[in-house]
Every structure is written in structure tokens, then in C-alpha cells.
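Take a look at the structure below.
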Amino acid sequence: MKIVSVVGARPNFMKVAPLCRALKAYPDVEHVLVHTGQHYDVRMSERFFEELDIPLPDINLGIGSGTHAEQVGRTMIAFEKVVRDVRPDWVVVLGDVNATIACSITAKKEHVRCAHVEAGLRSGDMDMPEEINRIVTDRLCDLLLTPDRLSSANLRREGVVEDRIRFVGNIMIDTLERERGKAAALDIADIVRGNMIDGCAAKAGSLPTLADGGYAAMTMHRPSNVDSREVLAPLIEFILGEVAAEMPVVWAMHPRAKKQLEAFGLWERVASNPGMLLVDPLGYHAMLRLNMGARVMLTDSGGLQEECCVLGTPCLTMRWNTERPVTLMEHGGASELVGNDVGRLGEAYRRAMSAARKPTRPELWDGHAADRIAEAIVRRGEGR
Ligand code: UD1
């Protein structure tokens, strides 16, 4: 049986690593790994292959940056050739990035069966490009592998027949469980010193103390937060005035966020604040270590909400909705939705500062999701 799996952007890499390993247990499976090349920096892509022992992609489509239509269109044109050439029995797509939608459409038009890992997530927010990617991908795929029961229920509500849905658990947590030992051995100050961005004031002086429980960790890159000055500027004022004034803030800076801060004339203000420790996008182990020791996480990332849930880090999710409600406090998780309203963010921040770490593990977030995924695909492929 031939299986092609597709990765494109950073959040795909930690999901494909355990899948590559799990498929090796099937000697009759020939696994071809395709990278669309949406993320292409060493820091956004290459290093994850080394760190997580992912085999080098068999094929790289070299798509690069562009508008959504450019990325999706170029990926479809290039991936069609791959599908015609390789003639796989299955295409496996992961998550909700542009590679996910582009390659599921292409596979189905070439009459190849398609499986979606992380199916059924819904934020209900059609302004999010990822939501469009999720809905279209799930509508097309033959096998919908869900990380939690809420996601399976979303699919049923949309009329998906039971036979297409498999609740398998969260594959991101397979990677977290395998790698947490390596992460724990890292030193926070070394991570920050080794990755600090040029121009960050703290780079010239001595670092503030970075003890476990004594700093905030932050990531922010979603268009809804960084693409408008009216939204971004007050968020920055809050982070500088309230959080960085109280403890160091380690911000792992996505290229999109840096570009937008510069475009809005906010970069200097952030970089010159001695409490703001701006670092380049971090590797997997470094980011996990940062999360393990953070007093609080401020983020708009999807994957970090899940990792905070299992690690118990109080997580202020700077979004109005989430496709991962199982990570929210009302479901026993560590995350609270705070949107981008500074008043709400401030209240939740104060609550988080007095909250204790509370690790929780949703059902089947047990480190073995990839085995269930590989089995589901192979069995379905054999018609069982
Ligand atoms: C993509 C995903 C998003 C995910 C995020 C994580 C989609 C629709 N979105 O968004 O779900 O949370 O990745 O990182 O697929 N850039 C670089 N170097 C790179 C990659 C990008 O400098 O290696 C720059 C690009 O030039 C662009 C910006 O970063 O200006 C954004 O990249 P893009 O691929 O459009 O999407 P992300 O915002 O990263």
C-alpha cells in the first residue's frame, strides 16, 4: 500500500513525526513524505525535521510565501503531478494549513482516498483562513481522524456518516510525551540568550533572572491580532505596561508578527523595553521547555492551547473563539479565551497569576494516537 502524507507549515511537523514512526510498523506500506514548502526558513521548518527525527521529505514542492490563493493554487498544481506520478492508495493531510486544503482537493479530484488527521475542529469563525481549510477538508476526506469527542460530535452535526469518523486522540501529545524529557534538560536562560533577536534591548545588557514560574511566555501571529494597528497597539501597551513591568516576557516572534510590528512603527517600542525578551521562532524542545516553566502563557496559537492543557500552564488565549474547546477551563483545561480586548485580558491575567498549575489530560491524549491513526488507515485500505 502506498501512502503519501503532506506537510506544509510549522504546526504540521510535530504531527507528522509520530505518524512516520507508526507507519514503519507496517512493512507493506510504502510511505512518501511531501513538504509543500509553505514554511521554508530553517527556523520555521528544517530544524523540526532534525529535532523530531522526521525523515527528510521525499518531495519538496517549494511553494513559499504568497497570498492564500497563490499558496493553495501553486500547491494544487504541483501536488497534482505528484499524485499522478506516485499513484498512492491514500493521501494523509494534517491540521488546517493551506497544504491541508490544497492537497485534499487535489487527491479527491484524482480519485485518491484521503485521510484527515485532526478532523472535526470548528471555531465557528469563517474569518479565520484555517476554519475554511478545516471545513472543506473534512467535507472531502474519506477518513476523519478526530482528536476529541467534541470534534466527532461536530462532524455528526454536519451530517457526516459514522463510518467516516474515527476518534483517535491527539497526535501532538504523542510528540510532547516523547520529547518532554529532552526539553526538561534545557536551561531557560540558555534558550533565551541563544535565540535573542538583534535589536532587542536585553541583548546588550544582562538578562533578568529567568526562574521556573518567574516569567511569562508569549506567541502571537494570527491575522486577527497582528494585521491591524487598532488591535495590535493596545495589546502591545498592555503587555509592556502590565506584564513586562511585573516579570520578564519571553516572546517567540513569528515572522508575520515582526513584519507587522515594523510596519506599524511599534517594533522599537517593544524591542527597547528591558522586560521584553524577543527571541526568534524557537525549536520544539526550546518552546516546550519555555512552556513548562512559564507562570503564564499568552498566545493565539492552537497547538499551544493543547500543550498548556497537558502541562497545566495557565493559558490566556488571545482569540474570541477556539476550535479546541476541550482545552478550556470549562472543560477542565488550562485555557481562557480573552479575545483582544485589553480589559478582559487584564482581568484574566490577574486570575491566572493567582491560579495554580493544573495539568489535565483529555481522553486518548495518551501518547499513542499515531498508532491508532496508522491502524485506521491501513485497515480501511485493506477494506476492513
Ligand atoms: C501558517 C498557518 C497557520 C499556522 C502558522 C504557524 C495557513 C493558512 N496558516 O500561518 O495556521 O498557525 O502557519 O506558523 O496555512 N514566513 C517567513 N518564513 C517562513 C514562513 C513564512 O518569513 O518560513 C513569512 C511569510 O513570508 C509571510 C508570513 O511569514 O509573510 C506568514 O506566512 P504564511 O505561510 O502566510 O502563514 P502563517 O501566518 O505562518
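Only the coordinates and a few stated rules stand behind these numbers; no lab work does. As the structure is a computational prediction, the values presented were derived from the model and not from experiment. Neighbour counts run over all protein chains shown; Cβ positions are idealised from the backbone, glycine included.
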How big is the stretch 84-152 along each principal axis, measuring the range of its Cα positions in Å and listing the largest first? 36, 25, 14
If I model a spin label as a point 7 Å beyond the Cα along the Cα-Cβ vector, how far apart are those points for residue 67 and residue 153 in nm? 3.9
Evaluated at q = 0.11, 0.13, 0.15, 0.21 Å⁻¹: base-10 log I(q)/I(0), Debye formula over Cα of the stretch 1-131: -0.35, -0.49, -0.67, -1.33
Cut-off under 17 Å on the C-alpha distance; same-chain residues fewer than 8 positions from residue 2 excluded. Which aspartates and glutamates are left, in chain and number order? 28, 30, 58, 80, 85, 89, 110, 142, 375, 382
Expressed in nanometres to one decimal, the distance between label points 7 Å along Cα→Cβ at residue 375 and residue 87 is 3.2
Base-10 log of normalised Debye intensity for the stretch 98-250 (one unit scatterer per alpha-carbon) at q = 0.11, 0.19 Å⁻¹: -0.70, -1.12
Unsatisfied cross-links (Cα-Cα over 24 Å) in the set 203/258; 24/358; 15/259; 81/259: 24/358; 15/259; 81/259
Pseudo-spin-label distance residue 242 to residue 256, built 7 Å along Cα→Cβ, given in nm, is 2.4
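Mind giving me the FRET efficiency for residue 207 and residue 228? R0 is 30 Å, r the Cβ-Cβ distance, nearest 0.05 is fine.
On the way: r = 32 Å, r/R0 = 1.08.
Computed FRET efficiency for residue 207 and residue 228 comes out at 0.40.
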Over the chain, relative contact order from alpha-carbon pairs under 8 Å, at least 6 apart, %: 16
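Sort largest first and round to whole Å: the equivalent ellipsoid semi-axes of the stretch 177-354, each the square root of five times a Cα gyration tensor eigenvalue. Walk me through the intermediate numbers first.
Working: eigenvalues 97, 86, 42 Å².
After scaling each eigenvalue by five and taking roots: 22, 21, 14 Å.
Quick one, can you get me the convex hull of the C-alpha atoms of the chain expressed as volume per residue in Å³? Don't skip to the answer; put the middle values down first.
Details: hull volume 47.8 nm³, N = 384.
Convex hull volume per residue, Cα atoms: 124 Å³.
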Sort 89-99, 232-242 by packing, meaning the average of other beta carbons within 10 Å per residue, with the highest value first. 89-99, 232-242
Semi-axis lengths, Å, the stretch 160-251, gyration tensor of Cα atoms, sqrt of 5 times eigenvalues: 33, 23, 12
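Convex hull over the Cα atoms of the stretch 153-214, averaged projected area in nm²?
Values: hull surface 32.6 nm².
So the mean shadow area of the Cα hull is 8.2 nm².
Only helical DSSP H runs with n ≥ 4 go in: add -39500 (n - 2.57) per run for the chain, normalise by residue count and round the 222 nm mean residue ellipticity to 500 deg cm²/dmol.
On the way: 17 runs with 170 residues, N = 384.
Helix-only estimate at 222 nm: -13000 deg cm²/dmol.
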